[in-house]
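These notes are about the structure you will find just below.
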Amino acid sequence: MRIFVTGATGWVGSAVVEDLMAEGHEVAGLARSSASAEKLAATGAQVVRGSVEDIEVLRAAAGAVDAVIHTAFNHDWSRFAENCAADKRAIEALGAELEGSERPLIVTSGVALLAPGRLATEADVAPPVTERFPRASEAVVEELRNRGVQATTVRLAPTVHGVGDHGFVPRLAGIARDKGVSAYIGDGRNRWPAVHRLDAARVFCLALDHAADGPFHAVAEQGVAMKDIAEAIARRFDLPLVSKSADEAGEHFGRFAQFVGIDAPTTSDRTRAVLDWKPEQWGLLDDLAKPDYFGA
């Protein structure tokens, strides 16, 4: 197959490209900078220059392939609403180009807000799009499916880990180093699902042949206790491990406090059964114990 991948040099997208090419697929990847283009070209993939805001570029690329995997998202949290709007337009454009065909579109979403406090499953519906939660990826996918597009979502665990990670756990580590303590909220028993980036990439690739059966959960561990994550950070940087009350959390973690305190256990049982997906990489806490996980 010839497959167009957005976010092709990103944390998850680059692993998706690697997996696809290892299986013998032709890959065209979106690259918005010269550095990204050089990185992508070095893998042997075709470079498509542009960003998720270049609608005509997206449509032209989607029109020339057998499938599309959309992993791109701008994680500048100061512009979250604007980035969600750009993501929505990109998915709509990709879907419009695939409409009337059997070519699949795989879109990235997340599990963190599906069912806070209880075990989330693939049957759970994403929260409605609101001003507080403006990300509309799943809502757009549902609209596309109603128009006959072979679209589905891969929902990522909030912690997609691996050496070189620059996501939520390193952000926690940064706060810990700045504050001089590694903290959790309350008793720290709230849970974050986790998956290694290579295992997550495999879900996207397998989903290409099962777009009608999604959504899918790229979740290897149902939930890792926040206290255990904070303890791993404390051990790595030789910091005190402390609990913060709900009232103290905002001052300590800032805007990140709500996310630190979320309890989001999530199953991937159906994904494993439908895709015959078996996570093969190490777990989050084992990964965090690696000397080079957090860099220097």
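Points worth noting:
- Charge context of His25, other residues only, Cβ under 15 angstrom, K/R +1, D/E -1: -3
- Ordering Gly214, Ala230, Ala264 by Cα displacement along the dipole of the stretch 146-296 toward the positive end leaves Gly214 in first place; charges were set at the Cβ atoms of Lys, Arg (+1) and Asp, Glu (-1).
- Close amide-amide hydrogen proximity is noted between Val27 and Ile3, Gln46, each under 5 Å apart and 5 or more residues distant or on a separate chain (H modeled in the peptide plane; Pro and chain starts excluded).
- FRET efficiency for Phe237 and Trp282, using Cβ-Cβ distance with R0 set to 22 Å, rounded to 0.05: 0.60
- Spatially, the stretch 1-62 and the stretch 253-296 are offset by 25 Å when compared through their Cα centroids.
- Low-density loop positions, GluC sites (Glu not before Pro), the stretch 1-106 - DSSP coil, at most 11 other Cβ in 10 Å: Glu23
- Karplus-derived 3J(HN,Hα) values for the stretch 207-216, using 6.51 cos²θ - 1.76 cosθ + 1.60 with θ = phi - 60°, are 5, 4, 8, 9, 4, 6, 9, x, x, 10 Hz; glycine and proline are entered as x.
- Size of charge dipole - the chain - debye, nearest 20, with Cβ of Lys, Arg +1 and Asp, Glu -1, no other charges: 460 debye
- Estimated dipole of the stretch 113-170 in Debye, rounded to 20 [Cβ of Lys and Arg +1, of Asp and Glu -1, Cα centre]: 40 debye
- Anisotropy class of the stretch 1-71 from Cα gyration tensor, a/c 1.5 cut: oblate
- Here the dipole of the stretch 18-93 is about 240 debye; that uses its Cα centre as origin and unit charges on the Cβ of Lys and Arg (positive) and Asp and Glu (negative).
- Backbone HN-Hα couplings from phi across the stretch 171-176 [Karplus 6.51/-1.76/1.60, Hz, Gly and Pro as x]: 5, 4, 5, x, 4, 4
- Other residues within the sphere of radius under 13 Å centred on the Cβ of Ala225, judged by their own Cβ, net out at -2 (K and R +1, D and E -1).
- Beta bridges by DSSP in the chain, antiparallel share as percent, to the nearest 5: 10 percent
- For the stretch 142-255, the share of DSSP beta bridges that are antiparallel, to the nearest 5, is 25%.
- Neighbour cut-off at most 13 other Cβ (10 Å), DSSP loop, GluC sites (Glu not before Pro), the stretch 108-194: Glu131
- Per-residue ³J(HN,Hα) for the stretch 117-131, Karplus 6.51 cos²θ - 1.76 cosθ + 1.60, θ = phi - 60°, Hz, x for Gly and Pro: x, 9, 6, 7, 10, 5, 6, 5, 9, 4, x, x, 6, 9, 4
- In a DSSP loop and with at most 10 other Cβ atoms within 10 Å, the trypsin sites (Lys or Arg not before Pro) in the stretch 103-138 are Arg132.
- Rounded, prolate or oblate (a/c below 1.5 giving rounded, otherwise prolate when a/b exceeds b/c) for the stretch 219-296 by Cα gyration tensor: oblate
Computed from the coordinates by the stated procedures, all read-outs in this text should not be read as laboratory data. What you see is a predicted model; the values in this text were computed from it and never measured. Using ideal geometry, Cβ is built from the backbone for each residue, glycine included, and neighbour counts are taken over all protein chains shown.
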